[in-house]
Amino acid sequence: MEPLATGYTLIEAPVWDAERGLFFSDVLRGGVYLLSPAGTVATVVPGRRGIGGMALHAAGGLVVGGPRHRGGAL
């Protein structure tokens, strides 16, 4: 296996979007990130800890959920 990104703690909730890339959360440090097809990582939601589930929304957004925030669309 080849590492795609480093510097994260507990990675959760991977969601693949064919155009944008791979969304993932870092449960312990917080945040939602996007690994683009080009290999760059961008912060989508800074600092939110505990995000354990995500899904793509029909309108093109991203829905995130965790114990402290019962879901919200981005």
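Quick note: the coordinates plus some simple rules give every number you see, no bench work behind them. For clarity, every value in this text was computed on a predicted model and none was experimentally measured. So basically every Cβ, Gly included, is an ideal-geometry build from the backbone, and we count neighbours across all protein chains shown.
Listed values, structure above:
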item: Relative contact order (percent, whole number), segment 1-45, Cα cutoff 8 Å, 6+ residue spacing; result: 28
item: Likely footprinting exposure, 33, 8, fewest C-beta neighbours within 10 Å first; result: 8, 33
item: Other-chain or far-sequence residues with amide H under 5 Å of residue 53's (modelled H); result: 65
item: 2, 19 arranged by Cβ crowding within 10 Å, fewest neighbours leading; result: 2, 19
item: Segment 16-27 - phi-based ³J(HN,Hα) in whole Hz, Karplus 6.51/-1.76/1.60, Gly and Pro as x; result: 9, 10, 4, 8, 8, x, 9, 8, 8, 10, 10, 4
item: Among [x] 16.0, 52; [y] 11.7, 34; [z] 21.5, 55, the entry that matches Rg and Dmax of the Cα atoms in Å as calculated here; result: [y]
